């Protein structure tokens, strides 16, 4: 297959590019490099620097004739979305619709979409949340991701464009930005390897479903020919506290400092983890990299990189 991966220079997207290439597919990675890094893109893939809102996107579709689009590109910072909701609607909805129209016009058979389990569900009414949980996002980022899910269904009903939506939990692993706001694993890893104080927000007992990036990439590989016109959660189905993440990383990095707690984040959901039984039953997917192993791989990836920047 010839596959376009939007956000292909980003943390998750670049791992998906690697996985598709390893499976023998032709891959084009598209990214505007707002948060992605071109060096993340496998040399065996073609890289195109472009925004998904760009009208020139259609020319790329005419030239390449993609079989499948794997749509990872998005603005993804919850707090930034509260400050500038217009840009989140513009990129995540209007940019997504631009992509769908290119698919519709130029013969693309399927789109695989990265949605968000934590943010589209909002404050969870029961745990773990399955795909039937009410959609009640609490921020413009979550609202924009949920909105685009509806556009996928519209294009399927009217034009026959197949889709699979994957709702991610908290994804971590190599290439995640240790200097950004997203991803407590990478932020703690960066702080600890530099010997700086890692701050735990609130009491640290808030729980999330942490999923290693290779398991996410494998779900996107399976979705090439499975899970048509449906929505699937990914995750382990149980929560892990921020305090445990701190303790595990402290041991892996030989971090000499103790815990330090800061104020809790305003509006932060206390518990969020997802029921992924449907993905196991219908797609044959299940997570394979346990937390301890995933954290070890992440630290070993960042250790030489951060040492070189010191």
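The values are calculated or read from the model by the stated rules, or taken from the named source; none is laboratory data. Worth saying up front: this structure is predicted, and the values here are computed from it rather than measured. Note that each Cβ is placed from the backbone with ideal geometry, even for glycine, and that neighbours are counted across all protein chains shown.
Annotations
For (1) in contact (Cβ under 8 Å) with a residue 24 or more places away in the chain; (2) surrounded by fewer than 24 Cβ atoms within 10 Å (Cβ to Cβ); (3) in a strand (DSSP E or B); (4) touching a helix residue (DSSP H, G or I) at 6+ places or on another chain (Cβ under 6 Å), each residue gets a yes or a no:
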residue: 4; (1), (2), (3), (4): yes, no, yes, no
residue: 9; (1), (2), (3), (4): yes, no, no, yes
residue: 13; (1), (2), (3), (4): yes, no, no, no
residue: 27; (1), (2), (3), (4): yes, no, yes, yes
residue: 53; (1), (2), (3), (4): yes, yes, no, yes
residue: 58; (1), (2), (3), (4): yes, yes, no, yes
residue: 88; (1), (2), (3), (4): yes, no, no, yes
residue: 91; (1), (2), (3), (4): yes, yes, no, no
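- For residue 197, the criteria (1) more than 19 Å from the chain's Cα centre (by Cα); (2) assigned to a helix (DSSP H, G or I) hold in every case but one, which is (2).
- Scoring residue 23 on the criteria (1) farther than 23 Å from residue 162 by Cα; (2) touching a helix residue (DSSP H, G or I) at 6+ places or on another chain (Cβ under 8 Å); (3) surrounded by fewer than 16 Cβ atoms within 10 Å (Cβ to Cβ) leaves a single failure, condition (1).
The rows are residues; the columns are (1) part of a loop (DSSP other than H, G, I, E, B); (2) surrounded by fewer than 20 Cβ atoms within 10 Å (Cβ to Cβ); (3) within 19 Å of the chain's Cα centre (by Cα); (4) in the same structural domain as residue 8 (by TED's automatic domain parsing).
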residue	(1), (2), (3), (4)
153	no, yes, no, yes
167	no, no, yes, yes
186	no, no, yes, no
192	no, no, no, no
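- Residue selection: residue 221 fails the criterion of being outside the structural domain of residue 121 (by TED's automatic domain parsing), modelled with pLDDT of 95 or more, touching a helix residue (DSSP H, G or I) at 6+ places or on another chain (Cβ under 6 Å) and not in a strand (DSSP E or B).
- Selection status of residue 244, under 19 Å from the mean Cα position of the chain (by Cα), in a helix (DSSP H, G or I) and at pLDDT 95 or above: no
- As a summary of the residue check, residue 133 satisfies the conditions (1) in contact with a strand residue (DSSP E or B) (Cβ under 7 Å, 6 or more places away or on another chain); (2) part of a loop (DSSP other than H, G, I, E, B); (3) under 19 Å from residue 232 (Cβ atoms) except for the one numbered (1).
- Only one entry in 120, 97 is assigned by TED's automatic domain parsing to the domain that holds residue 216, surrounded by fewer than 24 Cβ atoms within 10 Å (Cβ to Cβ), closer than 17 Å to residue 165 by Cβ and touching a helix residue (DSSP H, G or I) at 6+ places or on another chain (Cβ under 7 Å), namely 97.
- Answer from 262, 237, 294 - the residue that is touching a residue at least 40 places away in the same chain (Cβ under 8 Å) and at positive phi: 237
- Filter result for the condition that a residue is free of Cβ contacts under 8 Å to residues at least 12 places away in the same chain and closer than 19 Å to residue 297 by Cα, over 177, 254: 254
- Residue satisfying all of: in region 60-78; part of a loop (DSSP other than H, G, I, E, B) and in contact with a helix residue (DSSP H, G or I) (Cβ under 9 Å, 6 or more places away or on another chain); nearest to residue 109 (Cα to Cα) among these: 66
- Inclusion of residue 149 among residues that are in contact (Cβ under 8 Å) with a residue 60 or more places away in the chain, in a loop (DSSP other than H, G, I, E, B) and within 21 Å of the chain's Cα centre (by Cα) is not warranted.
- A residue that is within 28 Å of residue 97 (Cα to Cα), in contact (Cβ under 8 Å) with a residue 60 or more places away in the chain, touching a strand residue (DSSP E or B) at 6+ places or on another chain (Cβ under 7 Å) and part of a loop (DSSP other than H, G, I, E, B) cannot be found anywhere in region 201-208.
- Taking the numbered list (1) assigned to a helix (DSSP H, G or I); (2) in the same structural domain as residue 190 (by TED's automatic domain parsing); (3) surrounded by 13 or more Cβ atoms within 10 Å (Cβ to Cβ) in turn, residue 300 passes all entries but (3).
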